[in-house]
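Engineer: Below is the structure I would like to discuss, written out as structure tokens.
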Amino acid sequence: LDELVLVISADHGETMGAPEHKFGHGTQVEAVLHVPLVVRLPGGAHGGTRVRTPVQLVDLYPTLAELAGARVPAGLHGRSLVGALAGAALASAPIVHQGGRLQSRAVSDGEWRLVVTQPGYDINGLVSSARGRAWFAAHQPELLPMLDAGLSLPEMLARRSDLKQIVNRAHAELRGPFFELYHLPSDPHQLVDRAAAEPELVARLRAVYEQAERRSAEERKRVPVQATELAPADAEELRALGYAGDER
């Protein structure tokens, strides 16, 4: 322990029954985004220090590199927290959240969170998002029980021959992006959209979001994607866990 840095964290939380977000992690709510982050330094140095300024998991890379005495690469998305672990003040900065499963993004800055959604991107978004479910409730309410049953798209098509046309219409109308603004202290479950009442704040946070999206796109171009052949058993295990990319 005198030479070990120990980190305890999580990739995401879970929504355990909050309205419209039951047992999932594809939404940009506090229960998903606020994960534990515990760092024990060698010898227990600075034990008990609590950093109240929000930080990100991408901060771990530069933090651990500095603690290990390695060179911290320039241009990283994250920042080193070594000074903050020793009690130094840490400047607050907007935090960008990206969630691929429901094509949702968010920018959190102090008391405010801008949520960007594209529920029409795939069937998961249509079925799981509040906006998607509201669309079906208004246009095709008789389909909600079948959507809630967790059937695959081919299974649903076998029951309703016109479902493909309906889903295509929903995709087109809900493609987005849609921008929603929430005041977290007064609305922790993000139920009251304040975007219409705060257009200047929406514009400022939207600029942060769009800059982050451009940067992410540029970074993805720099990193070559290499195809990997999986053994059938491994592919089936990923599919059973929902990570095979099959549309449902």
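Engineer: If you roll a 1.4 Å probe over the heavy atoms of the protein chains, what accessible area per residue do you get for the chain, in Å²?
Structural biologist: About 62 Å² of surface per residue is accessible.
Engineer: While we're looking at this one, here's another question. About the Cα centre, and with charges only on the beta carbon of Lys, Arg (+1) and Asp, Glu (-1), how big is the dipole of the chain? Nearest 20 debye, please.
Structural biologist: Charge dipole, the chain, about its Cα centre: 460 debye, nearest 20.
Engineer: May I pose another question? Determine the share of the chain's accessible area contributed by carbon and sulfur atoms, expressed in whole percent, with a 1.4 angstrom probe.
Structural biologist: 54
Engineer: Can you give the angle from 0 to 90° between the axis of helix 232-241 and the longest principal axis of the chain, with both taken from C-alpha atoms, to the nearest 10?
Structural biologist: 90
Engineer: Shape verdict for the range 47-169, please, from the Cα gyration tensor: rounded (a/c under 1.5), prolate (a/b greater than b/c) or oblate.
Structural biologist: The shape class here is prolate.
Engineer: Further, regarding this structure: Which residue, 202, 58, 129, has the largest displacement toward the positive end of the dipole of the chain when charges sit on each Cβ (Lys, Arg +1; Asp, Glu -1)?
Structural biologist: The residue sitting most towards the positive pole is 202.
Engineer: To continue, here is another question. Which value, in Å² rounded to 10, gives the accessible area of residue 80 with a 1.4 Å probe and all protein chains present?
Structural biologist: 40
Engineer: Right, something else. For the chain, modelled as a Gaussian network with Cα springs under 10 Å, which listed residue fluctuates most, 144, 41, 230?
Structural biologist: Of the options given, 230 has the highest mean-square fluctuation.
Engineer: Hey, another quick one. Roughly how far apart, in whole Å, are the Cα centres of the range 48-98 and the range 132-197?
Structural biologist: 37
Engineer: Where a ≥ b ≥ c are the square roots of the eigenvalues of the C-alpha gyration tensor, would you call the range 41-101 rounded, which needs a/c under 1.5, or, failing that, prolate if a/b is larger than b/c, or oblate?
Structural biologist: Cα axes put the range 41-101 in the oblate bin.
Engineer: Report the full-extension gain for the segment residue 210 to residue 187: residue separation times 0.36 nm, less the Cα-Cα distance, to one decimal in nm.
Structural biologist: Extra length available between residue 210 and residue 187 comes to 5.8 nm.
Engineer: Rounded, prolate or oblate: which fits the range 154-232, taking a ≥ b ≥ c as square roots of the Cα gyration tensor eigenvalues, rounded meaning a/c under 1.5, else prolate when a/b beats b/c?
Structural biologist: Verdict is oblate for the range 154-232.
The values are calculated or read from the model by the stated rules, or taken from the named source; none is laboratory data. These numbers come from a predicted model, not from an experiment. Here the Cβ is made from the backbone with ideal geometry for all residues, glycine too, and neighbour counts use every protein chain on show. Heads up: the accessible areas ignore ligands, DNA and RNA and are worked out on the full protein's heavy atoms, side chains in. Shrake-Rupley method; radii C 1.70, N 1.55, O 1.52, S 1.80 Å.
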